[in-house]
Amino acid sequence: MIIEPKVKGFICITAHPEGCKENVKQQIQYTKQQGEMQGPKKVLVIGASTGYGLASRITAAFGCDADTLGVMFEKESNGKRTATPGWYNTKAFEEFAKEDGLYAKSINGDAFSQEIKEKVIETIKTDLGSIDMVIYSLAAPRRTVADGTTYNSVLKTVEKDFTNKSWNLSNNLIGEATIPPATREEVEATVKVMGGEDWADWMDALSEAGVLSEQVITMAYSYIGPELTYPVYRDGTIGMAKKHLLQSANEINARLGEKGVQAYISVNKALVTQASSAIPIVPLYFAVLYKVMKEKDLHEGCIEQMNRLFHEKLLVSGKVETDSEGRIRMDDWELQEDVQRETMDIWDQINSENILKIADVEGYWEDFYHMFGFHFDNVDYNAEVEI
Ligand code: NAI
């Protein structure tokens, strides 16, 4: 089959197997160039197939020589439609890991479920014995809990309407978007899905099953961002979930600290991923931020972020570098005073006429297409491929 990108709104409904493989390969190459480091040796990554989770898995495997077990929720091809990018990424990752003599197994299923937790525990017992790092990088639209109730997360404000500039991705026109406030039930549902309850459940289950090493680091990822996006992010429904995630880190430390578990939140940079491109108003901020950070030579993608996290914040002589609230700050460059000042200056001026000049529209789309395995120079998109 010859596969072309089919973009619908903020998503592409096709993925290219060879392009996804190239994406993984480039991330591995980058990681190897940063050099080896002493780090975890047996790592569980929950949400391991795309975005920050995939980059974390690659960094652990190819930077620390770690065996990795990944959990993801991806669709295989049915012969007519392509698989999801995360499915191809995972297949490619496993191939590259095996070539380098690294253990790499992946479990495709709902990480929120008891069944997948049990499957992971069994696999650790059989194959690895124990694990010394757990990365929790889920971005999910919904969660079904043990009693069968399904909660859907929403991306809304919490108190009142929020109106700001918004970018119509299909015609590059800048208009306005208004994000309405969520109901109390919607806020609670978003916290259920994207908060830390399931992360804590995972850590309790792993601890009770006796599959955690004597010293374990566990991390979940969060975002804060600039004041501009506070109403929809930090103070919005997703922000409430992220507050709960931080609370969960404290609870995990209180409950399992004595057993050698250290839980951290890493606050990462804003990047185009499948999860983040769905948030209204945010894509335009990305395009402006990319422009400013690239000009200052401060721009990073997921793999650069995760390598810097491991090399400079996590594994510095056994001490983890955090802020006063115990969070690892990978958003330090994004929130740098000059970066934000220049980003906001552009934000104030931006309109449909000047967007192509003063924002990094091309860079946004490059990241977008790369996520689905398209627009890589050395992939032959005219060639027939097995899906
Ligand atoms: P992503 O959409 O690229 O990755 C999500 C991962 O979760 C995928 O591996 C997917 O298969 C997996 N997943 C989703 N539902 C699942 C389920 N029910 N069971 C098993 N696996 C499931 O998302 P991204 O952006 O990498 O986000 C990961 C974390 O990083 C999230 O907590 C997000 O809030 C956070 N973050 C993202 C930022 C961004 O700008 N993209 C910035 C800072 C933090």
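The values are calculated or read from the model by the stated rules, or taken from the named source; none is laboratory data. Fair warning: this is a prediction, and the values are worked out from it, not measured in the lab. So basically every Cβ, Gly included, is an ideal-geometry build from the backbone, and we count neighbours across all protein chains shown. Heads up: the accessible areas ignore ligands, DNA and RNA and are worked out on the full protein's heavy atoms, side chains in. Shrake-Rupley method; radii C 1.70, N 1.55, O 1.52, S 1.80 Å.
A few remarks follow.
- For the range 37-60, a residue qualifies if it is assigned to a strand (DSSP E or B) and either open to solvent by less than 20 Å² (accessible area, probe 1.4 Å) or in contact with a Cys (Cβ under 8 Å, 6 or more places away or on another chain) (or both), and the qualifying residues are Val43, Leu44, Val45, Ile46.
- The set of residues in the range 276-320 being more than 9 Å from the ligand (Cβ to nearest atom) and among the hydroxyl-bearing types (Ser, Thr, Tyr) consists of Tyr285, Tyr290, Ser317.
- Considering Lys25, Lys75, the condition of being under 22 Å from Cys12 (Cβ atoms), assigned to a loop (DSSP other than H, G, I, E, B) and open to solvent by 10 Å² or more (accessible area, probe 1.4 Å) is satisfied by Lys75 alone.
- Residues that are in contact with a helix residue (DSSP H, G or I) (Cβ under 9 Å, 6 or more places away or on another chain), within 11 Å of the ligand (Cβ to nearest atom) and assigned to a loop (DSSP other than H, G, I, E, B) do not occur anywhere in the range 87-106.
- The single condition from (1) open to solvent by less than 10 Å² (accessible area, probe 1.4 Å); (2) more than 16 Å from the ligand (Cβ to nearest atom); (3) not hydrophobic (A, V, I, L, M, F, W, C) that Gln34 fails is (1).
- Filter result for the condition that a residue is touching a Pro at 6+ places or on another chain (Cβ under 7 Å) and in a helix (DSSP H, G or I), over Ser248, Ser277: Ser277
- Looking only at residues of the range 108-118 that are open to solvent by less than 20 Å² (accessible area, probe 1.4 Å) and not in a loop (DSSP other than H, G, I, E, B), we find that the one that is nearest to the ligand (Cβ to nearest atom) is Ile116.
- Test for Lys291: is it basic (Lys, Arg), closer than 25 Å to Asn164 by Cβ and either in contact with a Pro (Cβ under 8 Å, 6 or more places away or on another chain) or in a helix (DSSP H, G or I) (or both): yes
- Neighbours by Cβ (under 9 Å, 6+ apart or cross-chain): first from the range 25-44, more than 16 Å from Gly318 (Cα to Cα); second surrounded by fewer than 15 Cβ atoms within 10 Å (Cβ to Cβ): Ile28/Asp100; Lys42/Gly129
- Note on the range 248-275: residues that are surrounded by fewer than 18 Cβ atoms within 10 Å (Cβ to Cβ) and either within 13 Å of the ligand (Cβ to nearest atom) or hydrophobic (A, V, I, L, M, F, W, C) (or both) total 1.
- Helices (runs of 4 or more DSSP H) contained entirely in the range 297-387, each with at least 2 residues that are among the aromatic types (Phe, Trp, Tyr) and either within 22 Å of Gln274 (Cα to Cα) or open to solvent by 30 Å² or more (accessible area, probe 1.4 Å) (or both): 361-371
- Meets criteria (over 27 Å from Gly239 (Cβ atoms) and either open to solvent by 10 Å² or more (accessible area, probe 1.4 Å) or among the basic types (Lys, Arg) (or both)) for Thr68: no
- Across the range 341-353, a minimum of one residue is classified as within 16 Å of the ligand (Cβ to nearest atom) and in contact with a helix residue (DSSP H, G or I) (Cβ under 9 Å, 6 or more places away or on another chain).
- Within the range 47-83, considering residues that are within 8 Å of the ligand (Cβ to nearest atom) and not small (Gly, Ala, Ser), the one nearest to Gly19 (Cα to Cα): Thr50
- Flag if Lys105 is open to solvent by 30 Å² or more (accessible area, probe 1.4 Å) and either out of contact with any strand residue (DSSP E or B) (no Cβ under 6 Å at 6 or more places or on another chain) or touching a residue at least 60 places away in the same chain (Cβ under 8 Å) (or both): no
- Hits in the range 223-239 (condition: closer than 21 Å to Val288 by Cα and among the small types (Gly, Ala, Ser)): Gly225
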